[in-house]
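The values are calculated or read from the model by the stated rules, or taken from the named source; none is laboratory data. These numbers were taken from a predicted model, which means no experiment stands behind them. Methodologically, a virtual Cβ is constructed for each residue, glycine included, from the backbone with ideal geometry; neighbour enumeration extends over all protein chains shown. Ligands, DNA and RNA are stripped out before the accessible areas are found, and what is left, the full protein with its side chains, is counted by its heavy atoms. Shrake-Rupley method; radii C 1.70, N 1.55, O 1.52, S 1.80 Å.
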Amino acid sequence: MSGGHRLGRRFGWLWGAYGTSALGTWLAFGAFPLIAIQVLHSGPAEVAALSCAGAAVGAVVAVPLGPWVEFRRKRPVLIAMDLVRCAALLTVPVAFALGVLTFVQLLLVSVVVAAADITFRAASGAYLKTLLPAGELLVANARFESTAWTTTIIGPPLGGAAIGFLGPVATVVADAVSYLLSALGIRAMGGPEPRPERREAARLRAGDLLDGWRYVLADATLRPLLFNTALFNGLVMAAGPLLAVLMLGRLGFAPWQYGLAFAVPSIGGLLGSRLARPLVTRFGQREVLVGAGALRALWPVGLAFLGPGTGGLLLVMGVEFGLILCCGVFNPVCATYRLERTPADRVARTLSAWAVTTKAGTALLTAVWGVLGALLGPRTAIGLAGVFLLATPLLLPRRAAARDTEPEPGPGPEPGPEPAPNRV
């Protein structure tokens with residue numbers, strides 16, 4: 001997947017660590033909803049609450065962590081967040097083996113993992129910007145995206161098979177181990193990392209908590225892009241638990257079919273990530289950002305017509321393929337655009353604010369759609385999410401905005417990857 005473009009040995013270690021944790025996450029794709037449904041016998045509202053409450057509280061916990069990360073060495077933060085996620089996830093199989101696993105514990109683990117995800121994302125973006133010159137950022141982000149979708153193709157079928165033979169808790173163990181291996185990979189990268197300009201002993205001021213939002217909201221193109229991303233991701237992810245309930249419950253799909261429905265379409269993400277750089281070269285960064293961002297909103301409404309059997313499975317695959325293809329183009333272009341427009345000394349705070357906003361938006365919309373699913377049924381709620389998604393292109397940037405110039409960074413300390421991706 002390197003395409004003949006070498007980015008250095010340390011980036012290779014980083015890339016490998018990312019691929020390992022991404023594979024672990026996709027092996028455990030949907031594990032918590034499956035545990036809630038099959039082990040704890042939870043209903044649609046509880047499954048939705050598991051997704052939204054963990055993300056919401058985790059986002060609140062992570063608010064002060066972005067400014068805190070900004071003025072600390074990033075690699076120790078990345079390793080620590082990997083280890084925190086590993087330890088939190090391992091409590092689930094331990095409690096299950098002892099017969100004391102509860103819905104409350106799943107919520108608490110979701111909170112810890114969500115906060116660690118946001119912190120990891122903030123540190124990793126700042127780390128990446130110092131490793132590579134600006135001209136290489138799209139190549140790097142496209143490789144992460146390509147790896148993410150490659151592991152998506154492999155992970156869910158293997159995870160579905162593991163769930164069928166060993167139960168969903170086994171895939172949680174695999175996910176935890178993947179974070180441990182990621183931490184070891186980041187540790188093995190080596191190389192010095194200079195101390196950030198502000199001393200680590202400096203106190204965190206209350207005003208620092210809002211610095212990331214101030215920067216994003218003052219930027220004429222980052223502001224609508226944030227709103228678009230938060231609403232789009234929130235609506236897509238809000239429909240996810242309801243789709244799991246519909247497919248695994250009322251329509252009677254087996255866990256391996258559920259995994260297959262999202263694994264095969266991930267080929268679209270692999271193709272999209274490979275197309276991102278050529279498309280930007282030919283049409284321009286903003287044009288690809290807006291075009292792919294608009295096209296990805298057209299697909300999810302088709303899930304409202306999902307039925308049982310082979311036809312239903314093919315429908316999910318077709319819708320997901322179109323959605324993921326567009327996201328495969330959009331995601332690395334958006335990630336690169338954010339890094340290019342953000343000064344190096346603001347990256348951690350900006351990405352933390354971005355992640356908190358999107359996770360909080362996802363949590364809110366998931367809660368709302370959980371209620372809608374309970375009142376109207378999963379199918380109707382999924383259809384409503386698709387209809388609202390059709391309006392999200394209105395929030396994409398309408399024009400290019402002036403950008404403050406800053407010196408292009410040369411090779412420096414290596415970055416950490418973003419956490420293993422969500423479905424979009």
Discussion item. Which of Ala254, Ala239, Ala161 ends up with the largest GNM mean-square fluctuation for the chain, with Cα atoms connected below 10 Å?
Written reply: Ala254
Item to complete: Please report, in debye to the nearest 20, how large the charge dipole of the chain is about its Cα centre when each Lys and Arg carries +1 at its beta carbon and each Asp and Glu carries -1 there.
Response: 600
Worksheet, complete the sentence: Which of (i) 129; (ii) 208; (iii) 176 is the computed volume of the Cα convex hull per residue in Å³? It is (i)
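Between the DSSP loop rule and a limit of at most 16 other Cβ atoms within 10 Å, which chymotrypsin sites (Phe, Trp or Tyr not before Pro) in region 270-365 are left?
Values: sites: Phe283, Phe305, Phe321, Phe330, Tyr337, Trp354; in loops: none.
Passing sites in region 270-365 do not exist.
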Practice prompt. Could you tell me which of Leu314, Trp213, Ala276 has its Cα farthest along the dipole of region 213-349 towards the positive end, charges placed at Cβ (Lys, Arg +1; Asp, Glu -1), taken about the Cα centre?
Written response: Trp213
Worksheet item: Which residues make up the longest stretch of the chain that has no GluC sites (Glu not before Pro) in a DSSP loop with at most 15 other Cβ atoms within 10 Å?
Response: 201-424
Discussion item. Test of understanding: in a Gaussian network model of the chain with alpha carbons linked when under 10 Å, which of Ala49, Ala123, Ala97 would top the mean-square fluctuation ranking?
Written reply: Ala97
Worksheet, complete the sentence: If one compares the long axis through the Cα atoms of helix 378-389 with the longest principal axis of the Cα atoms of the chain, the angle in degrees, nearest 10, works out at 30
Discussion item. Rounded to whole Å, give me the distance from the Cα center of region 56-72 to that of region 254-307.
Written reply: 30
Worksheet, complete the sentence: Under the helix-only model (-39500 (n - 2.57) for each DSSP H run of 4 or more, divided by the residues of the chain), the mean residue ellipticity at 222 nm, to 500 deg cm²/dmol, is -24000 deg cm²/dmol
Worksheet item: In degrees from 0 to 90, rounded to the nearest 10, what is the angle of the helix 222-245 Cα long axis to the longest principal axis of the chain?
Response: 20
Worksheet item: Got the relative contact order for the chain handy, in percent, Cα pairs under 8 Å and 6 or more residues apart?
Response: 34
Worksheet item: How far is helix 103-131 tilted off the main Cα axis of the chain, in degrees rounded to 10, range 0 to 90?
Response: 30
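Of all accessible surface on region 213-327 at a 1.4 Å probe, what whole percent is carbon and sulfur? Provide the component values of the computation, followed by the final result.
Values: 3130 of 4420 Å².
Carbon and sulfur atoms account for 71 percent of the accessible area of region 213-327.
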Worksheet item: How large is ³J(HN,Hα) for each residue in region 159-167, as worked out from phi by the Karplus curve 6.51 cos²θ - 1.76 cosθ + 1.60 (θ = phi - 60°), to whole Hz, x for Gly and Pro?
Response: x, x, 5, 5, 5, x, 8, 10, x
Worksheet entry | Lys/Arg +1, Asp/Glu -1 at C-beta; the chain dipole; positive extreme among Ala170, Leu128, Ser352 | Leu128
